[in-house]
Amino acid sequence: MPGRYNVLFLCTGNSARSIMAEAILNFKGRATFTAYSAGSDPAGAVRPEALQQLELARLPTQGLRSKNWDEFAQPGAPQMNFVFTLCDSAAKEVCPLWPGQPMTAHWGIPDPAAAKGTPAESERAYRDAFMMLDRRIGLFLSLPMASLDRLAIQNEIDRIGGQ
């Protein structure tokens, strides 16, 4: 495995979960990882509730935007080492062929934008999604990438997704 890794987080709308995952990994893994996010049918804007969770965690939000996954399948796009789907609909979609055959896994996270109820219940849904992502990314960052072979890493990222 290389010394620096590119990670793509996918969710259909690319407006909340994948955006939060991108920000978390870019902050916590900045020494070794570069994270990106995208969607098959991007919403076109980042959900303010997702930005609020990131700001509450004191994570940078500048430059975050909702984008189509086609950006990362084009010539000249960064070559991904890992691709994680975060929503069930994105996991079932036919993804583009990513150059370099990155390792993939599904880390299903409930959609906080689909939460119904009071503003407090909505805020809790975003906080819960953030906490699940933060925990899984923390586990991912704890993997000894340099000493694991490709199959062992794939097994571990699949296990993390089952958390």
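The values are calculated or read from the model by the stated rules, or taken from the named source; none is laboratory data. Keep in mind that this is a model prediction, so the values were computed, not measured. When we count neighbours, we look across all protein chains shown, and the Cβ atoms used for this are built from the backbone with ideal geometry, even at glycine.
Set side by side, the residues A152, A114, A129, A146 differ, and just one is surrounded by 15 or more Cβ atoms within 10 Å (Cβ to Cβ) and not basic (K, R), which is A129.
Do the conditions hold for A57, that is, is it surrounded by fewer than 19 Cβ atoms within 10 Å (Cβ to Cβ), under 23 Å from S142 (Cα atoms) and at pLDDT below 95? So A57 does not fit the description; no. For segment 43-52, the count of residues that are more than 20 Å from D128 (Cα to Cα) and surrounded by 15 or more Cβ atoms within 10 Å (Cβ to Cβ) is nonzero. Restricted to segment 89-100, and to residues there that are assigned to a loop (DSSP other than H, G, I, E, B) and at pLDDT below 75, the residue that is surrounded by the most Cβ atoms within 10 Å (Cβ to Cβ) is W98.
In summary, A73 fulfils each of the numbered conditions (1) in contact with a Pro (Cβ under 6 Å, 6 or more places away or on another chain); (2) under 16 Å from A38 (Cα atoms); (3) buried (at least 19 other Cβ atoms within 10 Å of the Cβ); (4) of a type in the set (A, V, I, L, M, F, W, C) with the single exception of condition (3). The set of residues in segment 115-163 that are on the phi < 0 side of the Ramachandran plot, outside any helix (DSSP H, G or I) and not basic (K, R) comprises A115, T118, S142, L143, P144, L148, D149, G162, Q163.
Scanning segment 123-163 for residues that are of a type in the set (A, V, I, L, M) and more than 24 Å from Q101 (Cβ to Cβ) yields A125, A129, M131, M132, L133. Each residue in segment 101-120 was checked for being over 20 Å from the mean Cα position of the chain (by Cα) and at pLDDT below 90, and 2 pass.
Looking at the structure I just gave you, is N26 under 18 Å from I137 (Cβ atoms), out of contact with any Gly (no Cβ under 6 Å at 6 or more places or on another chain), among the polar types (S, T, N, Q) and part of a strand (DSSP E or B)? Considered against the rule, which asks whether it is under 18 Å from I137 (Cβ atoms), out of contact with any Gly (no Cβ under 6 Å at 6 or more places or on another chain), among the polar types (S, T, N, Q) and part of a strand (DSSP E or B), N26 comes out as no.
Does G13 satisfy being touching a Ser or Thr at 6+ places or on another chain (Cβ under 9 Å), modelled with pLDDT under 95, crowded, with 17+ Cβ neighbours inside 10 Å and part of a loop (DSSP other than H, G, I, E, B)? Against the criterion (touching a Ser or Thr at 6+ places or on another chain (Cβ under 9 Å), modelled with pLDDT under 95, crowded, with 17+ Cβ neighbours inside 10 Å and part of a loop (DSSP other than H, G, I, E, B)), G13 qualifies.
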